[in-house]
1. Identify the chymotrypsin sites (Phe, Trp or Tyr not before Pro) of the stretch A:344-416 meeting these criteria: DSSP loop state and at most 16 other C-beta atoms within 10 Å of the C-beta.
2. Roughly how many nanometres apart are two label points built 7 Å out from the Cα toward the Cβ at A:Asp292 and A:Glu493?
3. Rounded, prolate or oblate: which one fits the stretch B:20-169, using the alpha carbon gyration tensor with axes a ≥ b ≥ c (rounded when a/c is under 1.5, else prolate when a/b beats b/c, else oblate)?
4. Which FRET efficiency value, to the nearest 0.05, do you get for A:Leu581 and B:Gln137 by plugging their Cβ-Cβ distance into 1/(1 + (r/R0)^6) with R0 = 60 Å?
5. What does the charge dipole of the protein assembly as shown about its Cα centre add up to, to the nearest 20 debye, if the Cβ of each Lys and Arg holds +1 and the Cβ of each Asp and Glu holds -1?
6. Which one, A:Ser528, A:Ala487, A:Phe321, is farthest towards the positive end of the dipole of the protein assembly as shown when Lys and Arg carry +1 and Asp and Glu -1 on their Cβ?
7. Straight-line reach from A:Lys250: which aspartates and glutamates have a Cα under 13 Å away, not including same-chain ones fewer than 8 places off?
8. Given H placed on each backbone N at 1.01 Å, which residues far from A:Gln233 in sequence or on other chains put an amide H within less than 5 Å of it?
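Quick note: the coordinates plus some simple rules give every number you see, no bench work behind them. This is a predicted model, so every value here is computed, not measured. Neighbour counts are summed over all protein chains in view; Cβ atoms, including those assigned to glycine, are modelled from backbone coordinates with ideal geometry.
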Amino acid sequence: MKTQFLTTSISVLALSVAFSATSAAQTLDYTAMSDLFGEPVTAGATGAPQRASDVPATMIIITQDDIERFPEYDIPGVLRHFAGVNFNRYAFGDGQVSIRGAATPYTPRLLVLVNGREVYLDSYGYTAWSSLPVEMADIQQIEVVKGPQSALYGFNAVAGVVNIITRNPAHGDYATARAEIGTDEYSNVSLSGGRQFTENFSARFSYGTQEGNEFAPYAPNAQAVGIAAAGNQFSRENAAIAATFRFNDKVSMNAEVTTSDVTLAETGSIYLAGGTEYDLNSYQAGLEADTDFGFLTFFASRNESEIAYNFGSMESSITVFRVQDLINLSPNDTIRFSVEYRDAEAGSFPDATDGDFGYTSSALSAMWSHKFSNELGMTLALRYDSVEWSRDASPNPGGYPFVQADYDRSIEELSYNAAMVWRPEAGGTVRFSAARGVQAPTMFDVGFTLFFGTASVSGDPSIEPSVVTNYEIAYDRDLTADITLRAAVFHQETTDVKGGTSVIPVVFPPTSPVPVYLFGNHGDTQVSGAEFALAGDMEHGWNWDVSYTYQSVEDDLLTFGVFTPQDYEGATPTHLVNAHLGWTGGRFTVDGYVNYVSSVDMPMQPAFGAVTSEAIDSQVALSLRGQYDLTDWLSVALNAQNVNFGDGEVTNTNHLNESRVWASLTSSF
Amino acid sequence: MRKFILPALAGLLFTTPAMAETTQRDLEVIGRALSFVEGASGSDRTVAIVYDAASEAEAQALASAMAGGLSAGRVTLNARLVPMADSGSLGGADAAVLLGAAAGDGGVFSAASSAGVMTVSTDMSCVESAQCVMGVQSAPSVRIVVNRGAADSSSVSFAAAFAMMIEEI
């Protein structure tokens with residue numbers, strides 16, 4: 001049974017603001033906790049450890065056992081099977097995910113973290129999922145929190161948050177080796193393991209290498225066809241090593257280093273096909289202390305990236321420091337304070353001589369939970385961010401309308417999350433929530449400079465953040481001992497949409513030396529909808545789940561194809577349906593999945609400055625997986641993804657989606 | 001997919017007890033909760049079963065369930081039967097499960113707390129009256145209540161993450 005949770009326990013609300021997602025993710029013994037309470041546990045909804053049935057947010061929790069049963073080779077593929085999740089695979093390694101609204105290329109609205117560290121590429125504003133330094137077999141669980149979460153997680157958590165938690169050897173030694181081979185030259189080797197060397201010291205590692213042919217390009221897209229002709233091979237290699245040292249029962253510290261190297265075909269945020277190489281490294285460390293002054297968490301991380309887009313290379317880094325403290329004022333009241341500092345830098349990009357640029361930001365946040373009674377509780381969270389942009393020099397005066405002083409820009413924003421939770425006598429849990437999230441300008445939005453003689457493409461230092469406001473009512477209930485219902489209705493408004501570059505030049509001489517294609521805010525959009533999910537277990541090893549999502553989008557954007565390449569109203573499918581039937585018996589496990597996506601009208605930019613719209617028919621995808629356990633530690637599996645797609649199904653305007661079949665041999669200890 | 005139904009299955013394998021009696025499923029919850037008591041090391045936990053005359057059969061049944069060691073997550077529970085009148089001999093135990101009149105008896109709690117032994121009962125009135133450190137309910141869903149005052153007087157503390165997922169009074 002897939003596990004999706006919507007609600008809140010009043011009792012836990014009073015204690016629900018303790019840990020940062022980072023600290024809780026590293027200290028929480030998920031296996032022991034879930035065995036104790038008889039359900040998954042999470043720190044993803046509020047930052048505090050909670051039972052899944054208690055969380056004050058609409059969540060999906062996907063456990064390692066769930067992940068193993070999907071015929072999917074990456075995380076976006078796993079996420080597509082859940083209610084409220086929009087998915088599109090723009091190329092073999094370019095799966096994109098959004099919550100409640102189209103999974104547009106380089107989806108910018110979903111904040112993704114691995115063990116509490118942001119892997120969202122702050123420089124351009126998206127997540128390159130294939131670059132995540134995580135092996136599927138090394139994941140403890142994936143937590144998806146729906147709706148804006150900026151008050152807890154900061155900028156860019158506007159459609160939701162995906163927090164990926166890896167296994168922790170402090171809670172048990174493990175080792176997994178997996179080899180896969182499949183059609184279209186697919187291969188994958190994955191190694192991961194962890195060990196508690198002493199009572200106070202544990203460490204883990206993971207390594208993976210994956211290759212495969214890219215999908216065929218969508219024929220009317222000349223840019224995609226050209227990219228495919230230049231190279232048609234996906235490759236990914238990544239590694240991670242981490243360690244935890246416990247000083248005593250109250251104090252521990254952890255550190256992690258990761259690297260990933262990926263080459264793949266992609267679609268950029270303005271529906272322009274590209275081929276990209278990622279070289280990413282990260283470093284993080286944390287210290288946790290349970291003191292008389294509350295639960296203190298210190299966290300630091302640094303992400304370094306070198307990304308070679310087909311229009312130029314970018315080097316950037318972001319360093320984060322965070323301190324927070326939780327104080328239990330009384331059994332009914334808990335408060336949390338947090339301070340965060342960020343320093344983000346980018347080299348002049350893509351033109352290399354226009355001055356390096358970046359920002360520093362400071363944030364203060366606080367949360368208060370109050371329990372009125374066992375039936376009624378409330379959680380409020382506020383966060384204030386102050387951002388200061390700057391540039392080292394003026395861009396080439398022959399190409400751009402901006403000088404260095406224009407980049408001295410300050411942004412101040414307030415985010416909030418508010419939830420009221422009610423457990424009526426009639427049963428189930430009802431949650432009312434409202435939130436304001438902020439999507440910050442990226443390095444591209446502000447500082448991009450590309451001059452090609454007669455015109456230029458430029459970021460806009462005066463661009464405004466997008467603000468997302470969300471209202472939601474959710475209800476969940478166990479209909480029987482074996483069947484659960486999860487439901488939610490929502491309305492979400494986004495103002496000052498950051499839509500990427502304009503399709504035509506919008507600044508002309510004499511205001512600028514040459515015509516300029518400008519990044520900017522392209523209007524407003526809103527989405528309303530509902531989602532329903534049923535899941536159940538049956539006798540004799542059968543389990544099932546089914547979900548339906550309805551989405552209605554209304555855009556108020558600049559003229560499509562002229563001033564903006566964005567069309568959320570056209571690109572968002574109105575109906576999403578997922579279904580799954582699984583069976584386990586003896587050493588066999590068999591699963592079948594169906595995914596329906598209704599028709600859309602999707603933008604396409606087959607050449608820069610030439611934006612059109614293509615009708616994409618509705619699709620039904622059928623996927624199958626069967627596993628046989630040869631021994632307690634060795635298994636074989638056959639995965640068939642989108643078996644009815646054959647050599648190509650049109651699901652977007654970049655690449656076809658093809659049927660892929662692969663076999664897996666997995667050894668786990 | 002739901003590994004967490006295992007405790008429930010384990011409970012089904014055990015003879016259904018009379019209402020309010022402590023079951024093997026309760027014991028498993030207690031054992032897993034013991035994993036989060038600070039200061040303990042190793043995987044073996046000694047659980048004293050403190051009983052009165054009326055609950056002797058229940059105590060014997062629990063001791064039988066733990067015969068040879070009852071695995072509960074990452075710890076193994078070993079029983080020590082302690083008549084209520086002998087509660088002064090609780091030293092060395094990791095926890096004391098209070099049955100019958102022992103749950104709520106001030107003398108038993110005093111003896112246990114002075115020995116630094118965590119007291120636990122499935123009778124929630126025991127924890128509510130501060131005569132037990134922990135109250136446990138395993139069905140229909142798991143509920144764990146800790147009395148902060150009783151825990152302090154017994155010198156018992158819990159891992160912070162665990163403390164945030166239970167009810168505290």
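1. Here the chymotrypsin sites (Phe, Trp or Tyr not before Pro) that fit, given the DSSP loop and packing criteria, are A:Phe372.
2. Result for the modelled spin labels: 5.0 nm.
3. rounded
4. Numbers: r = 34 Å, r/R0 = 0.57.
E between A:Leu581 and B:Gln137, to the nearest 0.05, is 0.95.
5. The calculation lands at about 1080 debye.
6. Value: A:Ala487.
7. Result set, ordered by chain and number: A:Glu288, A:Asp290, A:Asp292, B:Glu38.
8. Residues meeting the criterion, in which the H sits 1.01 Å from N, are A:Glu214.
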